[in-house]
Ligand code: SAJ
C-alpha cells in the first residue's frame, strides 16, 4: 500500500521514524533544511545520540532504503515531524509546520496521505489541511468535508521517551486522529508497517489534546511532588519519607521532586493547553509556574547555606535535564549551576559524567570547574545533587558526613 514515504524533519522523532520505516521495507526520503544533517545521514550516520539509532540509520542507508535531501519528493505518504517551539507569549510557533505544508504541497497527488507528528495546539492538523488546500486548489482535502478527499490528513503524535525511542517507537500504542473520512484508517495502515502497539483511532483535534493531556498530566504530578517537598522543607520533615509512606497506599503513586522540569516537551506542551483555553486551564498553568519556580527555590536555599561558610566550595552533581543522558538543553540543573556561578556564590566543582567539557555559559564565569563526583564531594562544603545519574551511586554516604547536603531528587534517601 505504501512503497515510498517522505519524512520531513530529521530530528529526535523524524529520523527514528524514517529509520523504522526503512528497516521495514519502505523506501524513505528524509528531508531536512539542515545540509549538515542531510550529509551525515547520507553517510550512514546519526547526527545525535540515541541508543540503537546509529545502527538503524547506517543499516537503512547501506540497504539503499533511506536517503536524505533538502526538499520533499513525490511519495505515497508524508510524515511531518518538525519543531513547534514555544514563543515568548507562550503560544506555539507553527511556522515550521506551515513551511513544511508549503514544500510538501508542491509534490502532492491524488491518493496521498499527510501525517503531522509534531506536538501541536488543538486545531493545528485541520489548519494544516487548509494550508495544503491553499497550495493545491486542484486537489480536494478532508477539512472540506468531502466523502473521499484526494489527499488524506491525520495527526499521530509521537509519545516516545528520549533514551528509549527505538524501543518505544515500536512498542507504544499510537493515537491516530483523522481530519475527515478515511484519514485515520489510512494513517493506521502506515504505522502498522513498524508499530507493534495498538493504533487507537479518533479525530485529529482529540488526538492533539490527548498528547497535550499526557504531558500536562506528568507536569502536574511532578509539580505536586515538588510542592510537597517544599512543604516538608518548611515543616522540617523528609519529603522522601512522606512520599514513600504515602505510596504504600494502593491507589497513590506520587512522583519524585526534582530541581525543576526540563526537556523539550513537558515544560512546553502544557502551555498549548493554557493558550487554547486560558480561563479553564488553571491547574495546568499553576503546575507550570510551580515547576518553573523550582530552580530559583534551589538557588535560594544553596545561597543561604553557602553564606555560612568562608570561601565556600560547592559540589554540583549533574547538569543534564534528567538521569543518564547527556542532553543539557532546557536543563534546570544547568540553570541552577549557571545562576550560582553568575552570583559568584563560591567555587563550583561540577560533576557531569556524560560530558567532556563545561558549556561556555559556565566556563566564562571563571568559578566553575568540571571534576569527577568523588573529588567534587571530597573538596566541598556544600553538596547539591541535581541529577540522579546512576554514575553517582558510587558516592558513599560516608563521604557526605559533615557537609551541608541538598538532595533535590531524594537520591540518597
Ligand atoms: N522529572 C521529575 N520528577 C519525576 C519525573 C520526571 O522531576 O518524578 C523531571 C525530569 O528530571 C525531567 C522532566 O521531569 O527534567 C521530564 O522528564 P520525563 O522523563 O518525565 O519526560 P521527557 O520530557 O523525557 O519525555 C516526555 C514523555 N511524556 C510522558 O511521560 C507523559 C514522553 O513519553 C513524551 O514522548 C515526551 O515527553 C514528548 O516528546 O512529548
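The values are calculated or read from the model by the stated rules, or taken from the named source; none is laboratory data. It should be emphasised that the depicted structure is a prediction, and the values quoted were computed from it without experimental measurement. All Cβ positions, glycine included, derive from the backbone under ideal geometry; neighbour counts span all protein chains shown.
What number of residues within the range 268-292 satisfy the criterion of being in a loop (DSSP other than H, G, I, E, B) and either assigned by TED's automatic domain parsing to the domain that holds residue 117 or away from the ligand (no atom under 16 Å from the Cβ) (or both)?
Quick first cut of the range 268-292, residues in a loop (DSSP other than H, G, I, E, B) only: 268, 277-281.
Remaining after also requiring either assigned by TED's automatic domain parsing to the domain that holds residue 117 or away from the ligand (no atom under 16 Å from the Cβ) (or both): 277-281.
Summing the residues that are in a loop (DSSP other than H, G, I, E, B) and either assigned by TED's automatic domain parsing to the domain that holds residue 117 or away from the ligand (no atom under 16 Å from the Cβ) (or both) in the range 268-292 gives 5.
Can you confirm whether the range 268-279 contains a residue that is over 24 Å from the mean Cα position of the chain (by Cα), farther than 20 Å from residue 119 by Cβ and at pLDDT 95 or above? Break it down stepwise before answering.
The initial filter retains those residues of the range 268-279 that are over 24 Å from the mean Cα position of the chain (by Cα), namely 279.
Cutting the leftovers down to farther than 20 Å from residue 119 by Cβ gives us 279.
Subsequent filtering for residues that are at pLDDT 95 or above retains 279.
Within the range 268-279, one or more residues are over 24 Å from the mean Cα position of the chain (by Cα), farther than 20 Å from residue 119 by Cβ and at pLDDT 95 or above.
Among (1) in a loop (DSSP other than H, G, I, E, B); (2) in the same structural domain as residue 334 (by TED's automatic domain parsing), where does residue 391 come up short?
(1)
For residues in the range 194-227 being touching a strand residue (DSSP E or B) at 6+ places or on another chain (Cβ under 8 Å) and assigned to a helix (DSSP H, G or I), which is nearest to the ligand (Cβ to nearest atom)? Talk me through it step by step, then tell me what you get.
Taking the range 194-227 as the starting set, the residues that turn out to be touching a strand residue (DSSP E or B) at 6+ places or on another chain (Cβ under 8 Å) are 195, 197-208, 210-211.
From what is left, the residues that are assigned to a helix (DSSP H, G or I) are 204-208, 210-211.
On the way: 204: 17, 205: 18, 206: 17, 207: 13, 208: 12, 210: 11, 211: 7 Å.
Among residues in the range 194-227 that are touching a strand residue (DSSP E or B) at 6+ places or on another chain (Cβ under 8 Å) and assigned to a helix (DSSP H, G or I), the one nearest to the ligand (Cβ to nearest atom) is 211.
Taking the conditions exactly as written (under 20 Å from residue 379 (Cα atoms), in contact with a helix residue (DSSP H, G or I) (Cβ under 9 Å, 6 or more places away or on another chain), outside any loop (DSSP other than H, G, I, E, B) and away from the ligand (no atom under 11 Å from the Cβ)), does residue 319 satisfy them or not?
Values: under 20 Å from residue 379 (Cα atoms): yes; in contact with a helix residue (DSSP H, G or I) (Cβ under 9 Å, 6 or more places away or on another chain): yes; outside any loop (DSSP other than H, G, I, E, B): no; away from the ligand (no atom under 11 Å from the Cβ): yes.
Criteria not met by residue 319.
Can you tell me which condition residue 190 does not meet? The list is (1) closer than 25 Å to residue 76 by Cβ; (2) in a helix (DSSP H, G or I); (3) within 16 Å of the ligand (Cβ to nearest atom), and all the others hold.
With respect to (1) closer than 25 Å to residue 76 by Cβ; (2) in a helix (DSSP H, G or I); (3) within 16 Å of the ligand (Cβ to nearest atom), residue 190 is out only on (3).
Suppose we filter 380, 368 for residues that are more than 16 Å from the ligand (Cβ to nearest atom) and more than 29 Å from the chain's Cα centre (by Cα); which single one remains?
Details: 368 fails: more than 29 Å from the chain's Cα centre (by Cα).
Answer to the selection: 380.
In the range 298-316, what residues are more than 13 Å from the ligand (Cβ to nearest atom) and part of a helix (DSSP H, G or I)? Show your work before the answer.
So the first thing to find is which residues in the range 298-316 are more than 13 Å from the ligand (Cβ to nearest atom), and the list is 299-316.
Those that are more than 13 Å from the ligand (Cβ to nearest atom) and part of a helix (DSSP H, G or I): 299, 300, 301, 302, 303, 304, 305, 306.
Which of the residues that make up the range 41-100 are more than 21 Å from the chain's Cα centre (by Cα) and on the phi > 0 side of the Ramachandran plot?
44, 64
So which residues in the range 145-166 are at pLDDT 95 or above and more than 12 Å from the ligand (Cβ to nearest atom)?
If the condition is that a residue be at pLDDT 95 or above and more than 12 Å from the ligand (Cβ to nearest atom), then 149, 150, 151, 152, 153, 154, 155, 156, 166 are the ones that fit.
Can you spot a residue in the range 226-236 that is over 30 Å from residue 132 (Cα atoms) and in the same structural domain as residue 81 (by TED's automatic domain parsing)? Even if it seems obvious, please write down each step before you answer.
Initial filter on the range 226-236 (over 30 Å from residue 132 (Cα atoms)): 226-236.
Still in the running and in the same structural domain as residue 81 (by TED's automatic domain parsing): none.
No, the conditions are met nowhere in the range 226-236.
Can you tell me how many residues within the range 1-46 are assigned to a strand (DSSP E or B) and either over 15 Å from residue 100 (Cα atoms) or touching a residue at least 60 places away in the same chain (Cβ under 8 Å) (or both)?
As a first pass, look at the range 1-46 and keep what is assigned to a strand (DSSP E or B): 4-8, 27-31.
Of the ones still in play, those that are also either over 15 Å from residue 100 (Cα atoms) or touching a residue at least 60 places away in the same chain (Cβ under 8 Å) (or both) are 4-8, 27-28, 31.
Residues flagged as assigned to a strand (DSSP E or B) and either over 15 Å from residue 100 (Cα atoms) or touching a residue at least 60 places away in the same chain (Cβ under 8 Å) (or both) within the range 1-46 amount to 8.
Evaluate the range 349-359: report whether one residue or more is within 26 Å of residue 234 (Cα to Cα), away from the ligand (no atom under 16 Å from the Cβ) and assigned by TED's automatic domain parsing to the domain that holds residue 222. Spell out how you get there, then give the answer.
Within the range 349-359, the first condition is being within 26 Å of residue 234 (Cα to Cα), and the residues that meet it are none.
No, the range 349-359 has no match at all.
For residue 358, indicate whether it is crowded, with 19+ Cβ neighbours inside 10 Å, modelled with pLDDT of 95 or more, in contact with a strand residue (DSSP E or B) (Cβ under 8 Å, 6 or more places away or on another chain) and not in a strand (DSSP E or B). Break it down into steps so the answer makes sense when it comes.
Working: crowded, with 19+ Cβ neighbours inside 10 Å: yes; modelled with pLDDT of 95 or more: yes; in contact with a strand residue (DSSP E or B) (Cβ under 8 Å, 6 or more places away or on another chain): yes; not in a strand (DSSP E or B): yes.
So residue 358 passes the test.
Table: residues versus (1) closer than 20 Å to residue 120 by Cβ; (2) within 13 Å of the ligand (Cβ to nearest atom); (3) in contact with a helix residue (DSSP H, G or I) (Cβ under 7 Å, 6 or more places away or on another chain).
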{"site": "229", "(1), (2), (3)": "no, yes, yes"}
{"site": "235", "(1), (2), (3)": "no, no, no"}
{"site": "253", "(1), (2), (3)": "no, yes, no"}
{"site": "259", "(1), (2), (3)": "no, yes, yes"}
{"site": "266", "(1), (2), (3)": "yes, yes, yes"}
